[in-house]
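A.B. asks: Take this structure first; my questions come after.
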Amino acid sequence: MTTDTLIGPGFSDPVFQSQGAFRALLAALAEPGTRQGVAGGITPPDGLHAATATALLTLADYETPIWLPSVLRDGAAGAWLRFHCGSVLVSEPGDAAFAVIDGATIDPALSAFDAGTDQFPDRSTTIIVQCAALDGGETVTLTGPGIARSRQIAPAGLRPGFWAEVAANNDAYPLGVDLLLSHGDAVLGLPRSTRIGEAL
C-alpha cells in the first residue's frame, strides 16, 4: 500500500474550517450533552469518524501526543494524523494529550489516561469516544456547569460499566479526563465537571 493511498487531504481552507470546528468543540464542552455538528468538509481516514478526524485536525499538533488503538495507529488513521497534525502517536495511554477509543471496546479504561495533577489539572487527556450513535442507547441524566437544570443523553454502543467509569472520573474533579462522544459529523461533550445520574 502506498503513502498516496493511505493519506487523504485535510482542510481545504484551514483557517476558516478549523475556526468553525473549534467553536463547535468549545460549545460541546461548555454546554454538556448538546449535539454539536463538527463539519470540517474532510473525508476521514478509515477508522475515524468525520467529527473525530476534524477535532484532531483542529486541536492536535506536534506538541500534543495522541493515543490510538494499535489497529488505527498502525494504519491509515495513524499515517493521516502524523502527516496533517505532526503529532507523535504514543503506545501508552497515560502519555497522551488526546486519545481516541472505541466506546464498545473494554480496554483501555478511562482511568488509564492522564487525569492531570493538582498543579496542572488542565493537562489531562481529552478522550474522543467513538460511538455507534449519539442516541438510542442507555439514558443517563447530566447535571453541572453549563446545564440549566438537567439534560438527558442516550449514546449507543458503549461498553458495560462505561457510565460508572465516567462517574468515577467526575468524583476526581478538578482532576479527570474530558470526553467527547463522537459519531458521524457530530459530538456530545462531557467535561470532567459534569455529573452523571440515572434517567429521571
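A.B. asks: Check off (1) in contact with a Leu (Cβ under 7 Å, 6 or more places away or on another chain); (2) more than 20 Å from A60 (Cα to Cα) for I128 and give me the number that stays unchecked.
C.D. replies: Among (1) in contact with a Leu (Cβ under 7 Å, 6 or more places away or on another chain); (2) more than 20 Å from A60 (Cα to Cα), the lone unmet condition for I128 is (2).
A.B. asks: For the stretch 135-153, give me each residue that is loosely packed, with under 14 Cβ neighbours inside 10 Å and either on the phi > 0 side of the Ramachandran plot or without any contact (Cβ under 8 Å) to a residue 12 or more places away in the chain (or both).
C.D. replies: G136, A148, R149
A.B. asks: While we're looking at this one, here's another question. Which condition from (1) over 18 Å from the mean Cα position of the chain (by Cα); (2) over 22 Å from T43 (Cβ atoms) is the one that A76 breaks?
C.D. replies: With respect to (1) over 18 Å from the mean Cα position of the chain (by Cα); (2) over 22 Å from T43 (Cβ atoms), A76 is out only on (2).
A.B. asks: Return only the number of the condition from (1) in contact with a helix residue (DSSP H, G or I) (Cβ under 6 Å, 6 or more places away or on another chain); (2) within 21 Å of A55 (Cα to Cα); (3) of a type outside the set (D, E) that R123 does not satisfy.
C.D. replies: (1) is the only condition that R123 fails.
A.B. asks: Go through the stretch 184-200 and give me each residue that's in contact with a helix residue (DSSP H, G or I) (Cβ under 7 Å, 6 or more places away or on another chain) and assigned to a strand (DSSP E or B).
C.D. replies: A186, V187, L188, G189, L190, R195, I196
A.B. asks: From A99, A115, A39, grab the single residue that is modelled with pLDDT under 95 and not in a helix (DSSP H, G or I). So that I can check it myself, show each step before the final result.
C.D. replies: Values: A99 fails: modelled with pLDDT under 95; A115 fails: modelled with pLDDT under 95.
Unique residue meeting the criteria: A39.
For every residue, the table says whether it meets (1) of a type in the set (K, R); (2) under 15 Å from L57 (Cβ atoms); (3) touching a residue at least 60 places away in the same chain (Cβ under 8 Å).
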residue: G78; (1), (2), (3): no, yes, no
residue: R82; (1), (2), (3): yes, yes, no
residue: D102; (1), (2), (3): no, no, no
residue: A109; (1), (2), (3): no, no, no
residue: T117; (1), (2), (3): no, no, no
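A.B. asks: Does any residue in the stretch 166-190 that is in contact (Cβ under 8 Å) with a residue 12 or more places away in the chain and within 16 Å of V140 (Cα to Cα) come within less than 6 Å, Cβ to Cβ, of a residue that is among the basic types (K, R) and part of a strand (DSSP E or B) six or more places away or on a different chain, and which pairs are these?
C.D. replies: These pairs meet every condition: N170/R195.
A.B. asks: Only one residue in A99, A168, A156, A132 is over 19 Å from T52 (Cα atoms), surrounded by 13 or more Cβ atoms within 10 Å (Cβ to Cβ) and of a type in the set (A, V, I, L, M, F, W, C), so which one is that?
C.D. replies: On the way: A99 fails: over 19 Å from T52 (Cα atoms); A156 fails: over 19 Å from T52 (Cα atoms); A132 fails: over 19 Å from T52 (Cα atoms).
Just a single option satisfies the conditions, and that option is A168.
The values are calculated or read from the model by the stated rules, or taken from the named source; none is laboratory data. Quantities reported herein were computed from a predicted structural model and do not represent experimental measurements. Here Cβ is always computed from backbone atoms with ideal geometry, including for glycine, and neighbour counts include all displayed protein chains.
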